[in-house]
Amino acid sequence: MSTWQAIMMGFIQGLGEFLPISSSGHLVLAPWLFEWQVPGLTFDVALHMGTLLAVLLYFWKDWLNLFRAALTGKNRDDQRLFWYLVFASLPAAIIGILFNDLIENVLRSPLVVGIMLIVFGIILYLADKNRQLRRLDSMTLRDAILIGCAQAVALIPGVSRSGITMTAARAFSYTREEAARFSFLLSTPVIFGAGVLEMSQLNFAEVNFPFVIGVVTSAIVGLLCISFLMQFIKKCSFTIFVGYRLILGSVIILMYFFYI
């Protein structure tokens, strides 16, 4: 992989992980469209570690407060949110362990990505029309587990982990800002867990300059995307991302059947 390709893959990962457009879907599409060599597992895990660094840097105070509350019990709202994040992480962890081979070998198709972009883009649009009433201090265990179950669906490329979790939260009438905050916090244990799970398969001989540049790019772009989205949704809806998903999904399906 050239340095330029590594930068582009890092950019795609950082952009897609936190915007509701599916990083895994775009990482499937880029090599397919540009006829690049498919990156190895080591590079894929490393890109996710870059975005893990991004979310930790942005929400480090939140996680510090959550861990402190979980250990001391002094802030009951933060203590409750910590355990809700734990329980919400379980569905994706279980599904990922049980069906990882199926997802990697069967569902990583441009056609699947195109369909998922459209279907879950429409669902995001419908959920985002809901009223904005609730904050995270009103979250229930049921809400957290259902959002976690929605996150498990995002193991299919094209769904979007951030997109489906924000969709589920908006369906329960949480504000866009609170939906995004819970989604980003929830990404932390999931990305970390996926990285740990695949550590045994890593080939550190693949680590080179393009590799490092790709990881750094994913971290920087991811941090900028989190900051951008948290400001953007204070005034705007998710409609622009829905439009992007519908257009890209339609183009990919047409190309799959008629051009490639």
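Computed from the coordinates by the stated procedures, all read-outs in this text should not be read as laboratory data. In this text the structure is predicted, and so the values were computed from the model without any measurement. For neighbour counting, all protein chains shown are included, and Cβ atoms are generated from backbone atoms with ideal geometry for every residue, glycine included.
Looking only at trypsin sites (Lys or Arg not before Pro) in DSSP loops with at most 14 other Cβ atoms within 10 Å, what is the longest site-free stretch of the chain?
Working: sites that count: Lys74, Lys129, Arg131, Arg135, Lys234, Lys235.
Longest run free of exposed loop sites: 136-233.
How many lysine pairs does the chain hold where the Cα atoms are under 27 Å apart and the two sit 8 or more places apart or on different chains? All intermediate terms of the calculation are to be shown ahead of the outcome.
Values: Lys61/Lys74; Lys61/Lys234; Lys61/Lys235; Lys129/Lys234; Lys129/Lys235.
Taking the Cα cut-off of 27 Å, the pair count is 5.
Rounded to the nearest whole Å³, what is the per residue volume of the convex hull around the Cα atoms of segment 1-127? Working shown, then result.
Working: hull volume 17.8 nm³, N = 127.
About 140 Å³ per residue, rounded to a whole number.
Can you tell me the Rg and Dmax of segment 3-258, counting just the alpha carbons, in angstroms?
17.6, 61
May I ask you to sort Ser160, Ser138 by Cβ crowding, counting other Cβ atoms within 10 Å and putting the fewest first? List each step's numbers first, then the result.
Values: Ser160 31, Ser138 13.
Listing Ser160, Ser138 from fewest to most nearby Cβ atoms yields Ser138, Ser160.
For the pair Leu102 and Ser227, how long in nm is the line joining their label points, each one 7 Å along Cα→Cβ?
4.1 nm
Could you compute the FRET efficiency for Phe34 and Ile240, with r as their C-beta to C-beta distance and R0 at 22 Å, rounded to 0.05?
Numbers: r = 25 Å, r/R0 = 1.13.
For R0 = 22 Å, the calculated efficiency reads 0.35.
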